[in-house]
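The values are calculated or read from the model by the stated rules, or taken from the named source; none is laboratory data. Everything numeric here is computed off the predicted structure, so don't read it as measured data. Every residue, glycine as well, gets a Cβ built from its backbone with ideal geometry; the counts of neighbours run over all protein chains shown.
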Amino acid sequence: MLTRRGLLGGLGAAGALGATGLAPRGLAARAAQAAPLTRPFPAYGGPVPAIGMGSWITFNVGDDPGLRAQRVEVLRTFFERGGRVIDSSPMYGTSEEVIGHCLAQLDRREDAFAATKVWTWSEDEGPEQMANSRALWGLERFELMQIHNLLEWQGHLETLLADKEAGRIGTIGITTSHGSRHEAFEEIMASQPIDAVQFTYNILDREAERRLLPLAAERGLAVVINRPFRRKQLFRLFQQHPLPEWAAEIDCANWAQFFLKFIVSHPAVTVAIPATSQVAHMEENMGALTGRLPDAALRRRMVDYVESL
Amino acid sequence: MFRMLPYDAEVLLSFLARYNEALWPLQPLALALGAAALLLAHRRLAGAWSGRLVALVLALGWAWVGWGFFLERFARFDFLAPLYGWAFLAEAALLAAVAALARPRVEGSSAFAGVGLALAGFALVVLPLAGPLAGMFGAPPGAGGWASAPLVGLMPGPTALFTLGLLLRLQGRLALPLALLPLLWGLVAGYHGWALGLWHGLVVAALSLVAAVLLAWRQLGEARGRG
Ligand SMILES: NC(=O)c1ccc[n+]([C@@H]2O[C@H](COP(=O)([O-])OP(=O)(O)OC[C@H]3O[C@@H](n4cnc5c(N)ncnc54)[C@H](OP(=O)(O)O)[C@@H]3O)[C@@H](O)[C@H]2O)c1
């Protein structure tokens with residue numbers, strides 16, 4: 001398994017990774033990228049595009065044909081702009097069903113890196129819930145199955161290990177958000193046979209830099225970042241301010257790209273999964289897959305800038 | 001703050017519109033039952049059986065909203081819907097038990113009862129009209145249109161407020177425990193209103209609180225009177 005251990009000493013000061021994966025400090029920072037930015041997803045065996053898509057609230061639209069048709073367009077834009085990783089959960093109402101509908105409409109099931117979660121108190125209900133998710137997405141296999149918010153994690157982990165063996169899932173992950181339960185999370189990261197972790201990290205919520213991100217790098221775990229915009233809050237806080245002039249040096253045309261490039265330029269991050277219900281926003285977000293990324297010094301400057309506003 | 005609602009206002013209003021469409025023509029029946037309960041709770045029309053009938057009609061509304069709205073339909077959208085559904089069924093069972101066993105009586109002419117009638121009338125008539133009318137007069141969206149109009153007995157917000165209003169017209173100590181779940185729903189509706197920018201929910205919350213305070217006040221007065 002590919003691990004980044006050793007390459008990534010002192011993550012806070014480390015440089016950004018280039019489009020092809022691991023690059024020496026500083027070098028990649030200003031290198032223009034022609035191809036969309038991808039990152040290795042170690043246990044999966046191949047690279048994935050560094051911007052994915054979440055589906056909390058945004059894809060829970062039920063049967064409304066108009067809303068469904070809009071979401072088809074959102075997902076079409078996502079794929080056309082090079083996206084692959086789609087994250088959902090049985091907790092998100094009709095989201096999985098609507099994603100399945102969109103994938104079928106677009107005939108893109110094969111292109112998706114499908115990530116969902118198991119979310120039930122009962123270990124026994126896990127297999128049925130996951131089978132239901134497969135039916136809703138119209139897939140026979142999830143590339144990433146995550147234990148949502150560590151709920152009943154010991155029991156589900158056993159099921160997932162068996163499912164991985166049987167080929168029903170590609171990799172195993174755990175999730176948390178909002179900075180909650182980081183200690184328990186860390187313990188599982190350090191001791192259990194998992195492949196990926198998902199937690200919150202964004203330009204204001206940087207708690208993960210202290211322990212979770214370095215530990216993930218050390219353990220060779222893929223890192224999925226949720227709440228990259230702190231839901232809408234980052235826009236509400238900063239959108240009325242101009243982007244700094246030097247944002248052009250990292251090819252950020254808007255705030256969404258500024259926020260996302262901050263995240264995916266962290267060397268331990270694999271993929272950020274912003275959610276959106278709008279094609280225009282998807283265009284902006286996917287723009288973060290191309291162009292230059294900030295290096296460590298510029299990342300510091302990005303933080304200083306938003307904190308000064 | 002973590003927003004617990006897994007949908008936005010557009011989706012909720014679309015769901016309510018599709019729900020109303022699927023239920024048609026239950027709406028006139030629900031309105032008629034609500035109006036009948038209101039009339040029964042009116043003092044001059046109140047006979048020996050009216051309290052029981054009022055409680056029964058309310059039980060029917062709570063049972064439908066618990067089952068037909070939350071468990072059968074809304075559970076697809078919101079993981080908390082089953083919890084709400086069972087709470088509504090529990091209130092239905094309480095109301096039915098009171099109707100069967102406790103002989104609730106319609107209150108006379110107190111100011112509490114007057115406010116109760118007004119609140120129930122507001123829930124029955126004004127709440128469903130308020131959104132569409134406000135929209136017609138150019139108010140910003142935030143309560144939906146005709147298609148998603150909330151009706152007593154079919155949707156939770158108006159049912160809770162209607163119940164609190166009628167409880168102010170029913171005599172006795174039972175009114176207060178019966179008001180607990182409606183008040184809780186009023187608060188949940190307020191949270192929905194706040195989180196989704198739907199002022200309809202905020203109105204339900206504010207009026208539910210008024211009703212609950214009046215119920216407590218009345219009970220306190222009665223206890224003092226006895227003491
Ligand atoms: N415990 C867990 O496992 C967990 C917890 C939280 C989240 N997650 C996952 O992570 C995903 C992302 O987190 P999130 O959805 O909570 O928050 P987020 O991605 O930080 O923010 C989503 C919000 O940002 C807005 N937005 C997106 N792109 C925009 C743009 N370019 N300009 C302006 N606004 C934009 C969206 O509104 P519009 O629709 O208007 O674009 C949406 O309201 C979730 O969807 C979910 O899949 C998992």
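Taking the criterion of being within 14 Å of the ligand (Cβ to nearest atom) and surrounded by 22 or more Cβ atoms within 10 Å (Cβ to Cβ), the residues of the stretch A:277-299 that qualify are A:Met282, A:Asn285, A:Met286, A:Ala288, A:Leu289.
Only one of the numbered conditions (1) more than 20 Å from B:Gly201 (Cα to Cα); (2) without any contact (Cβ under 8 Å) to a residue 24 or more places away in the chain; (3) away from chain A (no Cβ under 14 Å) is not met by B:Ala59, and that is (2). So, B:Gly172, is that one on the phi > 0 side of the Ramachandran plot, outside any helix (DSSP H, G or I) and more than 14 Å from the chain's Cα centre (by Cα) or not? Yes: the conditions hold for B:Gly172.
Selection within the stretch A:46-63: residues that are farther than 11 Å from A:Thr94 by Cα and modelled with pLDDT of 95 or more. The member of this set that is nearest to the other protein chains (Cβ to nearest Cβ) is A:Gly54. Within the stretch B:1-28, being more than 13 Å from every other protein chain (Cβ to nearest Cβ) and surrounded by fewer than 13 Cβ atoms within 10 Å (Cβ to Cβ) holds for B:Trp24, B:Pro25, B:Pro28. Evaluating B:Trp217 against the criteria (1) surrounded by fewer than 23 Cβ atoms within 10 Å (Cβ to Cβ); (2) within 13 Å of the chain's Cα centre (by Cα); (3) of a type outside the set (D, E, K, R) leaves one unmet condition, (2). Summed over the stretch A:100-135, residues that are within 24 Å of A:Pro49 (Cα to Cα) and assigned to a helix (DSSP H, G or I) total 12. If the condition is being within 13 Å of the ligand (Cβ to nearest atom), in contact (Cβ under 8 Å) with a residue 60 or more places away in the chain and under 14 Å from A:Met302 (Cβ atoms), then the stretch A:189-233 contributes A:Tyr201, A:Asn202, A:Ile203, A:Leu204. For the stretch A:33-53, residues that are without any contact (Cβ under 8 Å) to a residue 60 or more places away in the chain and among the β-branched types (Val, Ile, Thr) total 1. Just to be sure before I move on: is A:Gly83 within 18 Å of A:Ala275 (Cβ to Cβ), assigned to a loop (DSSP other than H, G, I, E, B) and away from chain B (no Cβ under 12 Å) in the structure I sent? When the stated conditions are applied, A:Gly83 passes them.
Considered as a group, the residues in the stretch A:225-243 that are in contact with a Phe, Trp or Tyr (Cβ under 8 Å, 6 or more places away or on another chain) and away from chain B (no Cβ under 14 Å) include one that is surrounded by the fewest Cβ atoms within 10 Å (Cβ to Cβ), and that residue is A:Gln239. Could you tell me which of the residues A:Ala256, A:Ala268 is within 14 Å of the ligand (Cβ to nearest atom) and either aliphatic (A, V, I, L, M) or away from chain B (no Cβ under 14 Å) (or both)? Every option except A:Ala256 fails the conditions.
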